[in-house]
1. Which links in 101/128; 86/118; 85/118 stretch past 19 Å when you go from one Cα to the other?
2. Solvent-accessible area per residue for the range 74-113 at a 1.4 Å probe radius, Å²?
3. Report, to one decimal in Å, the Kirkwood hydrodynamic radius for the range 76-122 based on all distinct Cα pairs.
4. Enter the per residue convex hull volume of the range 52-141, computed from alpha-carbon coordinates, in Å³ rounded to the nearest integer.
Amino acid sequence: TCSRRDVVCSTPFSLPTWSSSKPSGERAGCCCRTILIDVTKRMEGPREQLSLAEYMRNWLREHWTNPFPDDAELERMAIECLSTKKQVNNWLTNARMRKWKPAIKAAFDLDRPLVYLKQDSIDLWEQKAIPVVAPRRRCNH
């Protein structure tokens, strides 16, 4: 059992595969040990912790042309926001269906040159004003 003051546990857990360091004096199979690793792993570096929604919006904006992370990326994202892989995956699935796909379609429907499609769709997603540019020319054969 664990002897931390605020938690008493007796359930053995295995260590996460992404952790390689072991603090001295703590049993490797304690659930409190696993929680401690998760929190200290996230706290490394000078970054401020973002909420899941803020982090995911930033990630989606950066990966706008391919918002489909692989399993390793999902795991990394979950660790970054102190969340579960399932929560991250659900957020992305909902965002792609409710926001991303409609923004791409609406930007295409603006009938502007394709060079503006990505930025227009991001601007629509973020509810920003879209600058006026001449529409695409259509061939009349």
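1. Beyond 19 Å: 86/118; 85/118.
2. 59
3. 12.1
4. Cα convex hull per residue, to the nearest whole number: 101 Å³.
The values are calculated or read from the model by the stated rules, or taken from the named source; none is laboratory data. Just so it is clear, the structure is predicted and the values come from calculations on it, not from any experiment. The accessibility values were calculated without ligands, DNA or RNA, using every heavy atom of the protein model including side chains. Shrake-Rupley method; radii C 1.70, N 1.55, O 1.52, S 1.80 Å.
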